[in-house]
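Step one of this worksheet: look at the structure below.
The values are calculated or read from the model by the stated rules, or taken from the named source; none is laboratory data. Here the structure is a predicted model, which means the values were calculated and not measured. All Cβ positions, even for glycine, are placed from backbone atoms using ideal geometry, and neighbour counts span all protein chains on display.
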Amino acid sequence: MAFAHAIQCVVMDTPSPPELSLRERKKLRTRQALVDTALRRFAEQGFDATTLDDLCGEVEVSKRTFFRYFTSKEDVAMAPTQDLWDAFVAELEASGTAHGTLLELLQGALLAALAAMPADGWTERVEQSRRLAATTPAMNAHGLQFCDRTTRAALALLRERFGFAEHDLRVRLAVDVVVAAFHCALDEWTFRSGPGNRDELASCLHEAFAAVPGSMTLEVSAASD
């Protein structure tokens with residue numbers, strides 16, 4: 001339990017509890033070393049060409065140790081953005097009295113989770129991960145599975161907290177809109193504007209959120225010949 005809390009502290013850029021043992025601090029360093037080494041090796045050698053033996057050998061851990069932190073190569077490669085969504089769910093769970101619309105609550109939780117990501121190195125890891133995913137179908141498939149699990153976790157939390165009916169489509173649509181807006185912002189930040197820092201990603205996310213209402217009322221007309 002203490003180690004799980006320590007990971008959340010590191011992911012959300014908050015101080016680790018003072019009672020954290022030397023062993024638990026070492027585990028946190030090992031987890032980060034696995035992420036950094038995996039992203040570098042995947043970029044240099046290719047995702048398929050890099051084996052778990054290669055990765056574990058460089059970090060000097062066993063495969064058994066690797067599987068204490070991650071379920072697969074895809075899992076470690078997607079860790080930077082997965083950490084953000086884990087923090088998003090934690091923000092929803094920890095948020096105080098809610099006011100306004102559900103969409104505003106979800107947007108605020110995601111922006112707060114983004115602000116809590118480590119300022120040092122996190123965006124660089126996100127960029128590396130996204131560029132790898134663009135050419136690695138297995139990573140995209142893993143990302144979709146993780147997104148589905150995160151969505152279900154958020155829905156369960158919202159239903160419990162606010163008493164929404166299980167089949168209220170508005171709740172699912174609100175979550176899906178926020179997820180889609182984030183992916184639009186991430187693509188803008190990564191591939192079009194040129195990757196920058198955490199604040200620049202937050203700016204792209206604000207722009208994506210601001211575009212949501214207009215997307216719902218955007219009219220179409222036949223193109224003229």
*Identify all residues within region 117-132 that are assigned to a loop (DSSP other than H, G, I, E, B) and surrounded by 14 or more Cβ atoms within 10 Å (Cβ to Cβ); write none if there are none.*
Met117, Pro118
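The rows are residues; the columns are (1) touching a helix residue (DSSP H, G or I) at 6+ places or on another chain (Cβ under 9 Å); (2) at pLDDT below 95; (3) assigned to a helix (DSSP H, G or I); (4) more than 22 Å from Gly121 (Cα to Cα).
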residue	(1), (2), (3), (4)
Phe3	yes, yes, yes, no
Ile7	yes, yes, yes, no
Lys26	no, yes, yes, no
Leu39	yes, no, yes, no
Thr50	yes, no, no, yes
Glu58	yes, no, yes, no
Phe66	yes, no, yes, no
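Looking at this structure, is Leu92 out of contact with any strand residue (DSSP E or B) (no Cβ under 7 Å at 6 or more places or on another chain) and free of Cβ contacts under 8 Å to residues at least 60 places away in the same chain?
no
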_Qualifying positions in region 204-219 - within 21 Å of Glu127 (Cα to Cα) and exposed (fewer than 15 other Cβ atoms within 10 Å of the Cβ)_ = His206, Glu207
*Among (1) of a type in the set (S, T, N, Q); (2) under 22 Å from Gly143 (Cβ atoms); (3) under 22 Å from the mean Cα position of the chain (by Cα), where does Thr30 come up short?*
(2)
*Please enumerate the residues belonging to region 163-172 that are closer than 18 Å to Val89 by Cβ, part of a helix (DSSP H, G or I) and without any contact (Cβ under 8 Å) to a residue 40 or more places away in the chain.*
Arg172
*Kindly list, by first and then second residue, each pair from a residue in region 30-56 that is over 19 Å from Ala133 (Cβ atoms) to a residue that is among the aromatic types (Phe, Trp, Tyr), limited to pairs with Cβ atoms under 8 Å and residues at least 6 apart or on different chains.*
Thr30/Tyr69; Arg31/Tyr69; Cys56/Phe66
*Taking only region 133-162 into account, find how many residues are without any contact (Cβ under 8 Å) to a residue 60 or more places away in the chain, farther than 13 Å from Val89 by Cα, among the aliphatic types (A, V, I, L, M) and not in a loop (DSSP other than H, G, I, E, B).*
2
